[in-house]
Amino acid sequence: MGILHEDVVVINQAEKAGEPTVITVNCPDKTGLGCDLCRVILLFGLSICRGDVSTDGKWCYLVFWVVGKPNTRWNLLTKRLLEVCPSYLSTSGIFYYHPENQQPKPPDVFLLEFWCSYEREGLLHDVTEVLCELELTIHRVKVSTTPDGRVMDLFFVTDTRELLHAKRRQDETILFLKAVLGDALLSCKIELAGSEVTACSQGSPCLPSAITEEIFSLELPNGRLSRSAASNPISVTVDNNLSPSHTLVQIFCQDHKGLVYDIMRTLKDYNIQVSYGRFYASPKGNCEVDLFIMQADGKKIVDPNKQNALCSRLRMELLRPLRVAVVSRGPDTELVVANPVELSGRGRPLVFYDITHALKVLKTRIFSVKIGKHMIQDREWEVYRILLDEGVGYSVPRNKIEERVTNKLMGWE
């Protein structure tokens, strides 16, 4: 008879503060399901402290122990997790991920334009927090300041709920913005962005060489360990002797925000199926991961070149899941943050939210923002270029900005 729809995703909330909430998913399998589920969990600001995954190739059972925000909207999280699960009626076979067969219609891009009577520290973060709460995804931001001190902000957004074309949804968004901006908000409007505007919002396909050299090197310079690498030893090994049908991948590393997502998106990009997995993060921040995996053809990974390529990619993704640098842009200072894009075309959740939060804490204003996707070294990256408004007087050292933003993105605060 199968299982009831309401049993596909079950969330047992923690009874006491400090205890983890348990998320159980029981549904048909597909390659990349773990990545999709972990992405949703990360999007809701939760961290996975323990996890177990098992599948027989048709049906899978996943359990995640998560900790995070006390005000998490659990009912909405359940709904979003259900949306990435294959239909519980489809149990005839495993769903392998084929990018060419999964080309959904691109979501409509809307232009959110509002004027404020003055600029203040943290304004962009406050707006970003509201948009995240409303499940609006930011794709580009433009900030302009007029000679008389007024500020115009342009946000190019898509709506997870696909309702922003409706007046009721637009009114709700404007109401939330008024609540956070108060009397500073002079006007606000939302309209569908034309194709020419959307094309312009993608940004230039080229990045300055100074940026690519600074943050996109796949290897550490001269074989020397950076400070972050020295304090974050990573071990990734493979073993084909423990199982007759699976390759065992064992990972030991330091925990960071989205670590399980980073592992699962790498395996998804390689079209690798996880048959059994176990993840544990100790209170001291050390992580142990055991994964029994196989290729899309149902066989082990026996080719040494494939093994080395997978291990090298996993090490790099765990060492540098995001790239952060503060560079000179003429006389000005630019913060650059980049993260790999999944083969499905999706970037990492909450990156702009974390960037603006870190800058708000540092009391550093943002002059302009460019967000675009770029092909670099045969990989697609989502790149955030934030031109900082250092103003007159108080100025935060560049290394302090880089450190604070990195720690926020990695969850090392």
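The values are calculated or read from the model by the stated rules, or taken from the named source; none is laboratory data. Bear in mind that the values here come from a model prediction, so they are computed numbers and not experimental data. Note: ideal-geometry Cβ built from the backbone for every residue, glycine included; neighbour counts use all protein chains shown. In case anyone asks, the SASA skips ligands and DNA or RNA and just uses the protein heavy atoms, side chains included. Shrake-Rupley method; radii C 1.70, N 1.55, O 1.52, S 1.80 Å.
Listed values, structure above:
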read-out	value
Hits in the stretch 66-81 (condition: open to solvent by 50 Å² or more (accessible area, probe 1.4 Å) and in a strand (DSSP E or B))	VAL67, GLY68
Qualifying residue in the stretch 33-54 (condition: modelled with pLDDT under 95 and among the basic types (Lys, Arg))	no
Yes/no for CYS200 being at pLDDT 60 or above and surrounded by 12 or more Cβ atoms within 10 Å (Cβ to Cβ)	no
Condition met for SER368 (surrounded by fewer than 20 Cβ atoms within 10 Å (Cβ to Cβ) and closer than 21 Å to PRO107 by Cα)	no
Residues that are part of a loop (DSSP other than H, G, I, E, B), modelled with pLDDT under 90 and at negative phi, drawn from the stretch 321-346	PRO331, LEU343, SER344, ARG346
Residue among VAL10, VAL53 that alone is assigned to a strand (DSSP E or B) and either out of contact with any Leu (no Cβ under 9 Å at 6 or more places or on another chain) or free of Cβ contacts under 8 Å to residues at least 24 places away in the same chain (or both)	VAL10
Subset of the stretch 283-301 [assigned to a strand (DSSP E or B) and not polar (S, T, N, Q)]	CYS287, GLU288, VAL289, ASP290, LEU291, PHE292, ILE293, MET294
Single residue of ASP332, ASP354 found to be in contact (Cβ under 8 Å) with a residue 40 or more places away in the chain and farther than 15 Å from THR137 by Cα	ASP332
Any hit, the stretch 157-170, residues being closer than 22 Å to LEU387 by Cβ and modelled with pLDDT of 85 or more	yes
The stretch 11-23, residues that are touching a helix residue (DSSP H, G or I) at 6+ places or on another chain (Cβ under 9 Å) and either open to solvent by 50 Å² or more (accessible area, probe 1.4 Å) or within 29 Å of ALA296 (Cα to Cα) (or both)	GLN13, ILE23
Extreme residue, modelled with the lowest pLDDT, among residues of the stretch 121-156 that are assigned to a strand (DSSP E or B) and under 22 Å from ARG80 (Cα atoms)	HIS139
Flag if SER275 is on the phi < 0 side of the Ramachandran plot, open to solvent by less than 30 Å² (accessible area, probe 1.4 Å), part of a strand (DSSP E or B) and not basic (Lys, Arg)	yes
